[in-house]
Amino acid sequence: MIRDSIRAWVKKAVSPIIESYAQKAEFPKQLIPQLGDIGAFGPTIPKKYGGLGLDYISYGIIMQELERGDSGIRSTASVQGSLVMYPIHEFGSEEQRMKYLPKLASGEWMGCFGLTEPDHGSNPGGMTTHFTEHGEYILLSGSKMWISNAPFADIALVWAKDENGIIRGVIVERGMEGFSTPETHNKWSLRASATGELVMDQVKVPVKNILPNVKGLKGPLSCLNSARFGISWGAIGAAMDCYDTALRYAKQRIQFGKPIAGFQLQQKKLAEMITEIAKAQLMVWRLGVLKNEGRANPAQISMAKRNSVQMATQVAREARQILGGMGITGEYPIMRHIMNLESVITYEGTHDIHLLITGMDITGLDAFK
Ligand SMILES: Cc1cc2nc3c(=O)[nH]c(=O)nc-3n(C[C@H](O)[C@H](O)[C@H](O)COP(=O)(O)OP(=O)(O)OC[C@H]3O[C@@H](n4cnc5c(N)ncnc54)[C@H](O)[C@@H]3O)c2cc1C
């Protein structure tokens, strides 16, 4: 039921407009309240705070269906749910939960997640964003880069070091003096998602905006685990859309007197695509079962994120070839998916970093440094 209803919404609201928004490099903001209505923001958050209280397989299916539409739309929902609502729910005070979660669930407020810095991407623990405490408030300084939703977000969950060098989560609200969110332009990927910087120059933030219940890198990393789980499902959605498009096209396109779907070479591509999609689906389904049981570990999530995105990039490239010249046009979604997946394979831990996490898990040896 969840799959069908989200798929129907994507078909009606996203598919007809997404290509033109990607071409314009603009996020379709009018979709925000609708994303709230369909339950795409924080579906696993309890109903008391405006969520749906769904399990993790339902969450994964929602991400899969959104990304069939566009990775940028799924990214917006992932950030809101897994990177902003999840930490507020998990590590926030009851006052913070009641203040922010219902508005984030409905889309009345949008959030962004500030971890990456200009000089610290794969190694977020080296961050230099920091704050000093002054009684009832802190003064926060630093800059974050590559932040999805930043240009229009109402709040930013910023990860910063305190005076002892311990990483804390701080909720910064738009309008606070010294806080700005310049947009990042000239992206060839995730063009229908707004990306920006967070610039903080002695921003005065109330102490009560610090998440009280988490300290250290564990805070942002546990958010990333939740988001990476969503990506592992989402990327499969992009692959499914490419496969469906290629299959339909191959059955209709006539060359040498018959549909190209009738040639063995094209059947090999299609057969291998559906096989890889099915294998990835089984992996994320099993991961979802483990997550529902509270038994999914970060290395398993890294393996699934890495596998799904790699699989989707390969499926998308093969699908594009099946469409021949038409495959490079915006008449079909494949080229947009290919370009989007170049971000998806990099953000939330690069392809290489997830391999190193798997390597460390199986050998017990850290090859990061
Ligand atoms: C469109 C987009 C949206 C994003 N949204 C957000 C967001 O909302 N919030 C946020 O905080 N961040 C966001 N990011 C940032 C993203 O998470 C980072 O780009 C990513 O973590 C990689 O960091 P980097 O770009 O600095 O690359 P680097 O860390 O500089 O890595 C460059 C290359 O070196 C490799 N490398 C790094 N370290 C090692 C090592 N130890 N061993 C071997 N190879 C290594 C990497 O795998 C990569 O191939 C976004 C990025 C993009 C592109």
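Summary table below
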{"quantity": "Residues being more than 13 Å from the chain's Cα centre (by Cα) and either more than 16 Å from residue 245 (Cα to Cα) or of a type in the set (Gly, Ala, Ser) (or both) - total across segment 329-341", "calculated": "2"}
{"quantity": "Residue under evaluation residue 172, criteria (1) open to solvent by 40 Å² or more (accessible area, probe 1.4 Å); (2) more than 12 Å from the ligand (Cβ to nearest atom); (3) of a type outside the set (Gly, Ala, Ser), criterion not met", "calculated": "(1)"}
{"quantity": "In segment 56-83, the residues that are among the charged types (D, E, K, R) and either more than 16 Å from the ligand (Cβ to nearest atom) or surrounded by fewer than 24 Cβ atoms within 10 Å (Cβ to Cβ) (or both)", "calculated": "65, 68"}
{"quantity": "For residue 44: the one exception among (1) assigned to a helix (DSSP H, G or I); (2) open to solvent by 10 Å² or more (accessible area, probe 1.4 Å); (3) in contact with a Phe, Trp or Tyr (Cβ under 7 Å, 6 or more places away or on another chain)", "calculated": "(1)"}
{"quantity": "Pairs where the first residue, in segment 237-258, is more than 13 Å from residue 270 (Cα to Cα) and the second is of a type in the set (Gly, Ala, Ser) and surrounded by fewer than 14 Cβ atoms within 10 Å (Cβ to Cβ), C-beta under 9 Å, 6+ apart", "calculated": "253/324; 255/324"}
{"quantity": "Residue satisfying all of: in segment 180-225; over 17 Å from residue 110 (Cα atoms) and free of Cβ contacts under 8 Å to residues at least 40 places away in the same chain; surrounded by the fewest Cβ atoms within 10 Å (Cβ to Cβ) among these", "calculated": "186"}
{"quantity": "Residues satisfying the stated conditions in segment 84-124, i.e. within 12 Å of the ligand (Cβ to nearest atom), over 20 Å from the mean Cα position of the chain (by Cα) and assigned to a helix (DSSP H, G or I)", "calculated": "none"}
{"quantity": "Residue that is surrounded by the fewest Cβ atoms within 10 Å (Cβ to Cβ) [pool: residues in segment 12-23 that are farther than 11 Å from residue 73 by Cβ and touching a residue at least 24 places away in the same chain (Cβ under 8 Å)]", "calculated": "23"}
{"quantity": "Residue that is farthest from residue 193 (Cα to Cα), among those in segment 125-152 that are part of a strand (DSSP E or B) and within 12 Å of the ligand (Cβ to nearest atom)", "calculated": "143"}
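Condition check ((1) open to solvent by 10 Å² or more (accessible area, probe 1.4 Å); (2) assigned to a helix (DSSP H, G or I); (3) more than 16 Å from the ligand (Cβ to nearest atom); (4) on the phi < 0 side of the Ramachandran plot) across all residues:
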residue	(1), (2), (3), (4)
314	yes, yes, yes, yes
321	yes, yes, yes, yes
327	no, yes, yes, yes
332	yes, no, yes, yes
338	yes, yes, no, yes
341	no, yes, no, yes
346	yes, no, no, yes
349	yes, no, no, no
352	yes, yes, no, yes
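The values are calculated or read from the model by the stated rules, or taken from the named source; none is laboratory data. These figures come from a predicted structure and were not determined experimentally. Here Cβ is always computed from backbone atoms with ideal geometry, including for glycine, and neighbour counts include all displayed protein chains. To get the accessible areas, we keep the full protein, side chains included, count just its heavy atoms, and leave off ligands, DNA and RNA. Shrake-Rupley method; radii C 1.70, N 1.55, O 1.52, S 1.80 Å.
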